[in-house]
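Okay, structure first, notes after.
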Amino acid sequence: MKKIILSIVLVFSFGIANAQLDKIYKHSGETVEGKVLRLDEYTIVFKYDGEDAENTIGKYAVEKIIYGKTKRQEDVTEKIVINGEDDWEKVVILEDKSYISGLKKVGEVRGKTGLINFQTGNTGDKKAAKKLKMDAAKQGCAFVLLMADKATVGANSNGLGGSQAIKTGVAYKY
């Protein structure tokens, strides 16, 4: 009889301990269980159950968190849906590698202005960013990690007195 009672207590206590875990729901459909330690501006720091190592996931990869103890739900980010090149304006350019944690790498993207560009530096930069986003959207990606941002101005840039902006990055999706 003591063994039966002990077994029931152990099963019940395991259920309570498991219910205390926080659940992180990713936009990809994956659920991560652990203990959320803190929410930074662009990242979430958590520990897996039974582990001491701190893990980081970018907020862009996370839909919501449900805290185990209180069952409170915190919405983190809305999913960005890219259906093709026409959705280029939805693409987000990220500049820090920690922000892409939890996203899947797809491939390299590039955006540049033409060789003859008599635009101002700012206009050329916007044009290169647009082409970068269009390239990512064409691949179905909602995010670009910016790897290089180069602008050349004057006669030394292309020999014709114009300016050229070149942006390169890596495209990511959920």
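Once backbone amide H atoms are built at 1.01 Å from N, V109 has G169, V170, A171 as its partners under 5 Å, excluding neighbours fewer than 5 places away on the same chain. Close amide-amide hydrogen proximity is noted between D49 and K35, each under 5 Å apart and 5 or more residues distant or on a separate chain (H modeled in the peptide plane; Pro and chain starts excluded).
Placing pseudo-labels 7 Å out from each Cα toward the beta carbon at R38 and E89 gives an inter-label distance of 3.7 nm.
Readers should treat all values here as calculations from the given coordinates under stated rules, not as data from a laboratory. What you are looking at is a predicted structure, and each value in this text was computed from that prediction instead of being measured. Heads up, the Cβs are rebuilt from the backbone with ideal geometry, glycines too, and the neighbour counts pull from every protein chain shown.
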